[in-house]
Amino acid sequence: MKRLHIIWRKSLNVVMLSLTGVAAFGVVSILFLILGYFIYDGGRSLNWAFFTQLPKPTGEVGGGMANAIIGSFKLLLLAALFGLPVGLMAGVYLAEFGGKTFAYVIRYTVDLLNGVPSIVIGIFAYALAVQPVKHFSTLAGGFALAIMVVPITVRATEEFLRAIPNSLREGAMALGASKWKTIASVILPAASGGILTGMLLSLARVAGETAPLLFTALGNQYWSPGWSQPTSALPLMIYEYAISAYDDLHRQAWAAGLVLLGMVLLANLGCRLVMNRRGVRGV
Amino acid sequence: MAARLTPKVDKVETSEHSATASKKEAPVRFQISNLNFFYGAKQAVFDVNLSIPAKKVTALIGPSGCGKSTFLRTLNRMNDLIRHSRVVGDIRLDGQDILQMDVVALRRRVGMVFQRPNPFPKSIYDNVAYGLRVNGYKGRLDDLVEHSLRRAALWEEVKDYLHKSAFALSGGQQQRLCIARALAVDPEVLLLDEPCSALDPVTTAKIEELMFHLKDSCTMAIVTHNMQQAARASDFTAFMLDGKLIEHSETSKLFTTPHDPRTEAYITGRFG
Amino acid sequence: MDGAVPPQAGPRSFVHRLRDGDEVAHVVTLIFASLILLVTSLLVFILWEKSQLSRAQFGWSFFWTSVWDPVFSHFGALPFIYGTLVTSVVSLAIAVPLGLAAAIFLAELAPRTLSDYIAFLIDLLAAVPSVIYGLFGIFIVVPMMRTTIGPALKHTLGFLPIFKGPNYGVGFLTAGIVLSIMIVPFIISVSREVLLTVPREQREAAMGLGATRWEATWKVVVPWARTGIMGSVFLALARALGETMAVTMVIGNDPKIAASLFAPGYTIAAVIANEFTEATGDLYLSALIELGLVLFLMTFILNGLARLLILATERGGGHTS
């Protein structure tokens, strides 16, 4: 009886441990599966027209997503313009100037903001940037994305600033540099690599966001000149086309998905590799 | 305890008198009176009276934790960076109270070299030029950089590689770079906090040699764990124990005929 | 120690700080940091304020009314709360065992380099945008549900009420499956880290007593890391609750409460996404915003709990409360 029990335990051991391996490789293979489908289905549909043409009227075959590509680019620009400086400065405050209580409150708030579902951020941006002026706009979309950029940037900035050893701060101050000069001329440059990768990662994250754009940028079949008109963006187009009834649009959605996925994964791959090489934990 | 205090105090005063007598001809850079230092509620330095003569090297020796580094760092107010630290007492640089002075201005006049080399992640040139740039110096940087590197006995080794990263240098070279960096702003006093403790004997000897040549233009105060170094490289030595200044006199006198039994015990290696 | 007031030899005088820009730098960075506080407070305020109409109209009954009728302005949150919870539970039911198993493999069995590589790849999975998962869901998972998974489940477990009813491919189960892929990286990443911090002695003690590798892991190591793993689950759950695009693309968007997992449903995030721009009338919009408020509160509480749990693991090292 005892022997049987031991055999049972041993077999259970082998089975369970193998299952964990299966689980791990299973999850990884999902990544490759998704990538594979996009490369295949998206790659087939990717052509020059995709990058240069506007969408055709509903029902007609062909066309491209030139306006969405430009739109995404403009939105990212706004997100960077408004979100990155706020994140950087707040990060500097937390790492270099912060007192105990207020800094704790700020950190908590940053974490809170990071956890807010993107659709709720969309509601907020709508209330602040769309309702008062009664129209959707690129600016409103950029505003929503900027809010999402901030928490990641703050965390990266603070983390990498703190990683700079105090001996550098002491060295600079012993030479007669004021606190601000020390930060600007020694500490920030030293941490710049990590901070820049954090910023890039935050932009890569919002590049793929759709929900906050649904009621801010809204989407647009045509070009969107300036900043105060609704604009299309890659994720929005993917969504619209995917749920449409036309095969051709489905095809284009795959192509757009490939482009988006490719950009996001490349940015993440690049940033994380750089950070790993520096031996610092990822954001 | 009280009974012992009086004879001890007498002895210190006499030794100070003999030291001051020979110093009376030489001007004094730093005059420290009744210095007490606190980390929060804990006192680390107790009522120190000391003068640091100009254009001489003063060594501070004592066992670990005796407060010599803390004392040194009050001279350029680096301890200000520590929260809840407090200085009570009088510290005068050329007659001016440093506690009333703008601390940034103070640090331009009193430079510091740290225990572990801490070059900035910049080029060798930019490291040396940093102090100059930060203090708004507008003249010809190249000449000054070269001059500082020469004073630190590093010029010959790096003159062709000025734009290489400071981290490409060896530990000893980095420390000499830090000395050059500190010298670039032409300080009146240079404080050295165990500058050779992380270095090998050959590099240590190089640094002691450059200290000898620097004396004429720069007063120095060096904290050291290494008594032989103190005996070799300094003109005056102060011995500290448990935050108190026990004895201070010319180096030769302190090491051959110390007045206080505790000084004798320390330098003969009975403790510390 | 005399009682004389010492000259404060601490921070520089205000004038000097001002002149050299230290004070300016402090204030400027402080302003930016406060901006974050301002924006977040504003967000909460707006959610509260703009849902006022709906809250006044429906009160607490909002939470147990299952009618969602824009025509007659009867709005109830129950179908969406139900859908959100069901899809989240399904996704956890899949992701937690899967994720924990993978984390165990990465922390206990795999050599460190392999573990790092795989963890890196799994982190990439977390970076994939929601709409990409949605696309993958519509064209790959939904057909698979219709042709393979659905029939298989019906064949084996069709007697269970959760597997009864017609199977169109979209529905709670499909949404749950897609969600599970999206949240599994979080469970793996955090659990792996937590498992790696379990002291070596624990495993060795267990195995020294004759336990098999699996027994040592399951009965000693995992319980030690229990709090942190719980934290990762809460984190994943918070993520699942807020997921919008992928869910709305595969759930069927039908505000009904149904027992079957094959039935189409709706989540809070999905209904907001679909109906916000179509909302006619202030009450309609206000009801949607109230849903947004509910979602915000749910994720807020969960994230807070997750944070506490993970913090507790870092400090207590496995000693459970």
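Each residue in the stretch B:115-129 was checked for being facing chain A (nearest Cβ under 10 Å) and surrounded by 21 or more Cβ atoms within 10 Å (Cβ to Cβ), and 5 pass.
Kindly indicate which of C:Trp60, C:Trp64, C:Trp48 is farther than 30 Å from B:Ile98 by Cβ, out of contact with any Pro (no Cβ under 7 Å at 6 or more places or on another chain), aromatic (Phe, Trp, Tyr) and at pLDDT 95 or above. Step through it out loud before you land on a result.
Details: C:Trp60 fails: at pLDDT 95 or above; C:Trp64 fails: at pLDDT 95 or above.
When all the criteria are applied, what remains is C:Trp48.
Once the stretch C:191-219 is narrowed to residues that are surrounded by 20 or more Cβ atoms within 10 Å (Cβ to Cβ) and more than 13 Å from chain A (Cβ to nearest Cβ), the residue that is farthest from C:Pro129 (Cα to Cα) is C:Val198.
Residues in the stretch C:270-309 that are facing chain A (nearest Cβ under 8 Å), assigned to a loop (DSSP other than H, G, I, E, B) and more than 16 Å from C:Leu47 (Cβ to Cβ): C:Thr277 only.
Of the strands (runs of 3 or more DSSP E) entirely within the stretch B:107-224, those holding at least 1 residues that are polar (S, T, N, Q) and touching a residue at least 12 places away in the same chain (Cβ under 8 Å) occupy B:219-223.
Restricting attention to the stretch C:67-104, the residues that are in contact with a Lys or Arg (Cβ under 8 Å, 6 or more places away or on another chain) and within 18 Å of C:Gly252 (Cβ to Cβ) add up to 1. Any idea which of (1) outside any helix (DSSP H, G or I); (2) out of contact with any helix residue (DSSP H, G or I) (no Cβ under 9 Å at 6 or more places or on another chain); (3) not aromatic (Phe, Trp, Tyr) is the one A:Thr101 doesn't satisfy? Answer for A:Thr101: the failing condition is (1). Out of the residues in the stretch C:158-186 that are among the polar types (S, T, N, Q) and more than 14 Å from chain A (Cβ to nearest Cβ), which is farthest from C:Phe120 (Cα to Cα)? Applying the filter and picking the extreme gives C:Asn167. Among residues of the stretch C:237-269 being outside any loop (DSSP other than H, G, I, E, B) and small (Gly, Ala, Ser), the one that is nearest to the other protein chains (Cβ to nearest Cβ) is C:Gly242.
Among the residues making up the stretch B:68-92, those that are assigned to a loop (DSSP other than H, G, I, E, B), surrounded by fewer than 22 Cβ atoms within 10 Å (Cβ to Cβ) and not charged (D, E, K, R) are B:Ile82, B:His84.
Results for (1) in contact (Cβ under 8 Å) with a residue 40 or more places away in the chain; (2) not in a helix (DSSP H, G or I), shown as yes or no for each residue.
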site	(1), (2)
C:Phe159	no, yes
C:Ala175	yes, no
C:Val184	yes, no
C:Val198	yes, yes
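Scoring B:Ser85 on the criteria (1) at pLDDT below 90; (2) closer than 30 Å to B:Tyr161 by Cβ leaves a single failure, condition (2). The criterion of at least 2 residues that are more than 8 Å from every other protein chain (Cβ to nearest Cβ) and buried (at least 23 other Cβ atoms within 10 Å of the Cβ) is met by the following helices (runs of 4 or more DSSP H) wholly inside the stretch A:134-203: A:138-162. Assess whether A:Gly122 counts as being in a helix (DSSP H, G or I) and in contact with a strand residue (DSSP E or B) (Cβ under 7 Å, 6 or more places away or on another chain). No; evaluated as a whole, the condition is false for this residue.
The values are calculated or read from the model by the stated rules, or taken from the named source; none is laboratory data. On a predicted model such as this, the values are computed, not experimentally measured, just so you know. Virtual Cβ from ideal backbone geometry, glycine too; neighbours counted across all protein chains shown.
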